[in-house]
1. Once whole DSSP H runs in chain A are found, which of them have Cα atoms spread over 27 Å or more along the helix axis and a mean Kyte-Doolittle score of at least -1.0?
2. Rg over Rh of region B:207-343, using C-alpha atoms and the Kirkwood radius, what does it come to?
3. For B:11-18, what's the mean count of beta carbons from other chains sitting within 10 Å of each residue's beta carbon?
4. What trypsin sites (Lys or Arg not before Pro) does region B:241-329 have in DSSP loop regions with at most 14 other beta carbons within 10 Å?
5. Does anyone have the angle between helix B:65-90 and the longest principal axis of chain B? Alpha-carbon axes, 0 to 90°, nearest 10?
6. Let me understand chain B better: what is its radius of gyration from the alpha carbons, and its Dmax, in angstrom?
7. Starting at the first residue of region B:343-352, write each ³J(HN,Hα) from the Karplus equation 6.51 cos²θ - 1.76 cosθ + 1.60 with θ = phi - 60°, in whole Hz, x for Gly and Pro.
8. For the protein assembly as shown, just run the numbers: alpha carbon Rg, then divide by 2.2 N^0.38 Å, N being how many residues it has.
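Please treat every number below as a calculation from the coordinates, not as lab data. A quick note: this is a predicted structure, and the numbers were derived from the prediction, not measured. In this analysis, Cβ positions are derived from the backbone assuming ideal geometry, glycine residues included, and neighbour counts consider all displayed protein chains.
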Amino acid sequence: MSAQQWRALVWLLLWGSWLAALQSRVLAGQWFGPFVPELGLVLLLGVCARLDQAPCCAAALLLGCARAGVSIEPASAVLAGYLAIALLLTTLKRWVDVEDVFFRGLCAGALALVFASWLQWVEARHLGAALELGAELAPVAWRGALASAIAALLGAAWLARLPGLKPLTQSWRSAP
Amino acid sequence: MPSRLRTWMLVLLALLCGHALAPDARPYQIAAPLVELLSGVPRVCAWLGAPLLLDLPMAAAETKSSDRAARALRESAASDALREALFAAAEPTRPELRSGRHFAPAEVLGRAPKSRDHVRVRLTSDARGILRGYPVVHSNLFVGRVSGILDYARGELEVELISGKEVFVGARPALAAPGAQSELVVGGLLSGRRPRANGWPPLALHNPSADTPRTGYVVVDESLSILDGASGSAADAALLANGFGLGELVELPGRGLALEVQLDFDAGLSQLFVLCPPDCGRGAEAASSNPLRDQQWTHARVLAPADPSPARVGLVLEGGALDGIAAGAAVLSGGRLIGRVLRARQRDCDVALLGDSSLQLVLVARSSPNAQPALLGRVLGRGPLHLGENPRLWWPTNTKAWSVLPRGSSFELFSAAGEQGLPAGLPLSPARISAIGEGGVEFELERPELVAQDVWVRSGPREAP
């Protein structure tokens, strides 16, 4: 890996941290109610479309670290969620064009919902409580998923072009 | 190469999932230092993101610092009054139980490590005059015996509860004359059962005499008991417990006689008294110190003011085990309890705020400043179901105990002693009953004010780096 690529990964971690902090701050301020996108996931979708499996997993782990840094969820649960998403995306890339805007939006919404369900299931396991997914998730997770879908539709490609990330998406660009 | 990488990534995913679901599993305990080191990476990220958080104004309207100071004084006075009332409620009410004994007040600090049948308590002064074997009571009820002195100067003791396997107490039906033939020995839980949601299991009876009645109230009677190894002062101390209640006799189908306890040993122990001989030399007992005014609070910087998931109500604070912060520690802001530490790492901690589903508190309610405090026991977080709503707590109760609380109007909630890091008398936001369900009561609290510059965490001795 070149120095540029390493620098790009550091930039990704920085941007991920700032986006996670922004997500936390927006929720604390209740500026948009529960309509807050999973920004790390949207950024991951933006960069993963152009990455091979190894850098995609590295990006997922870095963004997972950034997300776990501001979260009270177990860090391992957040990292597992992001890594699973990266593995799923690299598998999907074989059959579908993950750079398609509408697919990306749909994918972001669905993955945000699955990610929220996973975190809630882990929490329920810790509490020893049974989780009724429909009832428990309905109020907030659906709105977060919708916000993530819209954010991915409008901004995933833009997020992938954030300063410092260019070497990451260019040098590992998958062969057509 | 890609397939090998994929295999490694799948192994990593499996390990992460395993840690997320069972962090206390043995392989992860062995790898704990590595996990701690790796979990430091997300915290560096939090620090990287913190400037962004701090530069933005807090959305909630913050009260002026002068108003906060005035409120802190009011809360402190209310806390004093509550603690006094709790100790008054824990004193025996029957005159014959009050005479001929010295009562040393103690507050429960939490359970002893790895034993639910041992609690750690702290006297209001040092442990002068206290010996192992002295009985411990709550109101008119026998609770257990002093099993060790942990810290003489700080007055910290270990008490073995009557639910413990090793505790045996001589007893008699309350209506029988002292020294009568009808005698029994009480101690331990029936068949080692552990407490469940629907109440504490009954205590076991050993060798009841043939004329033991099938029903009735049972009190301690050590007069005829031969205590294991007890002699001299220990035997005299055991006699101090004579007359204190143990519970109601019940006949369980297929199990014989047992004793239904009247105290929730899991979450109902807050203020206790150690019984001492009148000439124990302790003198007048000091009043308990107010936790709002003691020095065991560490100022903590907010790293993340909310969880990125709207389903959780929590924050991340700078300050961890190196600052003496442990899991369960109380977190205050604006002079009120806003949550408890969920997870403490070396230099930072996660906090579950009021309403978060992982939050558990032992609470006392008081409908007015002069009303008798009602010990509620364990209360659970129930979330704001929608973002921006007030926090809700769920009090699981099978009884009509909620009837002591006012319907429609608000009442005060305070923390009760009994759990690690949560001292008695910390005020919460005013609450009201919002719903009465099948298995409990839901409280809605006024939204607590989170003042980013005024967050304090209960801390103990600092851990060596």
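1. Working: long enough: A:3-29 (39 Å, 0.69); A:101-127 (39 Å, 1.07).
Span-like helices here: A:3-29, A:101-127.
2. Numbers: Rg = 24.0 Å, Rh = 20.8 Å.
Rounded to two decimals, Rg/Rh equals 1.15.
3. On the way: counts 0, 6, 8, 1, 3, 13, 9, 2.
So the per-residue partner count for this stretch is 5.
4. Numbers: sites: B:ARG255, B:ARG282, B:ARG293, B:ARG301, B:ARG312; in loops: B:ARG255, B:ARG282, B:ARG293, B:ARG312.
Those that pass, being in a loop and sparsely packed, are B:ARG255, B:ARG293.
5. 20
6. 24.6, 86
7. 3J(HN,Hα) across region B:343-352, in whole Hz: 8, 10, 9, 4, 10, 8, 8, 9, 10, 8.
8. Numbers: Rg = 28.4 Å, N = 641, 2.2 N^0.38 = 25.6 Å.
The protein assembly as shown yields a ratio of 1.11.
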